[in-house]
Structures are given as structure tokens and as C-alpha cells.
Amino acid sequence: MFYFEKINNKSILKCDILENALFTTKESFIKTKDEGLNDVVEKNKDDLKRYLRVKKIISPNQRHTDNIDVARIDKDEYPETDALILKDKDIAIALNYADCTPVILYDKKRNIGAVIHAGWRGTALQIALKSFLKMKELGAHEDDTAALIGPCISKCCFEVDIEVGEKLYKTINKKIDENKEGKCYPDLKEINRIQLENAGLKNIEIAPYCTVCDNNLFFSYRYENGTTNRHSAILKLA
């Protein structure tokens, strides 16, 4: 079950199946290109580091790819990287979103996890599934891995061309179920869930929030005319 908690009177979103993960909100965000908000972002980062008890929060330079890397405390730059795997207890990893799908994976038994940025391009490339397969190479197992699919643009608000829809549904061997004047409405949360289930994961929770419908809580690139503010999915190890 998902629930809200406060850090220094600012809301974060958590889930009871994965206590060492969280999603920031419009109150607790740590990513923006608005220089006027830099002080707020830095304060929020400091609050989160204290809350998580980590020395550092690492974020990659996201580019809607299926590139995956392993986070290291001595490395700051991760160019064109849309998933990070975490094996170090001293750091947390954070990826940033404003409609795209946040996915967090964690194998509690082996203490290894990942945070994934799955927009429609990343979802079409099956980046969440590929991230789990990379975790498996490092020792993770599907029976012990939980997944959180966080707030993103939901089916109700995600209108795309048929070509995009076909690329997405092809990954789960389904045909488009809606076609309105050359447009369709893919369910990114559901597609990512099925991709992960196809990899053997069973413990998957999906956040019941849409970045457009719940824009008071989370950022939406589409609804907010290209906002540069982002909410984040964050993971630390136990």
C-alpha cells in the first residue's frame, strides 16, 4: 500500500513493501533547471540525505535510452543513462520524472536494487526488464525482488500516435485496444508491470497516481507546458 509521509513538513510517497524507497513530490523535489529554486532543491537534498542516512545521492544524465550502469560513490557522471543499479550502502540513487514511469527494483535478500526511468521510449526498449536482467547477473533473484511502479502519466491522459502505441504493446505481445482517429492511449504502468512479470517478478505494486490528474502532487511535462521541475524515485540499501 502506498502512503504519504513528511520530511521536514514536506511530503514524500512511500510503499509498505519497500521501506527503503521513496518518491519525492512537488514539496520535496530535488531536480529543476529553474535557478530561482536552487536553494529549495539543495535544502530538500540535505533533508533527504539525513532521512536516508547516506553520504551522497547520485543521479544520471537521462536521455530516454536503455543504457544501464552501476552507481559508485567515487563516480558522479553517468551520461545518457536511464537506469542505475545500487550495491553500495553509503549512497542513494535518484532518477527524475515529469510524466515518464518511475520503476524501483529491490532484492532484499541480496541487498541490491535499481531505479529506472521508463518513458514511452524506455518502455518500448524494455528498460525495466533489462535492468532486472542486469541485476540477475549481479546475483539478484526474481523470487526475492520487489518492484514499485511510481506516479506517471496514466492511460486516461496519455494520448499518442498509433505508431507509438504499436511499439509499446508489441513488447507484451498485445494489440492496441483503442484507436480514436489515429490516436491511442497506452497504459505505461501496466505495460511495465507485464514486462516485469514476464521476467518472473511477482511482488509488484503500482502507485494510483497520474501526473496530470494529480498535478497538485507531482510534475507533468505535458500538463505544465514543458516544466523543468522533476519529482524523483529514490532508493537506498538496507
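Some notes on this structure:
- Per-pair calculated FRET efficiency, R0 = 25 Å: His141 and Asn173 via Cβ, rounded to 0.05: 0.50
- With all projection directions averaged, the alpha carbon convex hull of the chain covers 12.1 nm².
- Exposed loop sites were defined as GluC sites (Glu not before Pro) in DSSP loop states (anything but H, G, I, E or B) carrying at most 10 other C-beta atoms within 10 Å; in the chain the longest segment without such a site runs 78-180.
- Here r is the Cβ-Cβ distance between Arg72 and Lys6 and R0 is 35 Å; the resulting FRET efficiency, rounded to 0.05, is 0.65.
- Estimated [θ] at 222 nm from DSSP helical runs (n ≥ 4, -39500 (n - 2.57)) normalised by residues in the chain, nearest 500: -6500 deg cm²/dmol
- Span-rule helices in the chain, defined as complete DSSP H runs reaching 24 Å or more along the axis (Cα) with Kyte mean at least 0.5: none
Taken together, the values in this text are just the output of simple stated rules run on the coordinates, not laboratory data. Everything quoted here is computed from the prediction, not taken from an experiment. Positions of Cβ are backbone-derived with ideal geometry, glycine not excepted, and every protein chain shown enters the neighbour counts.
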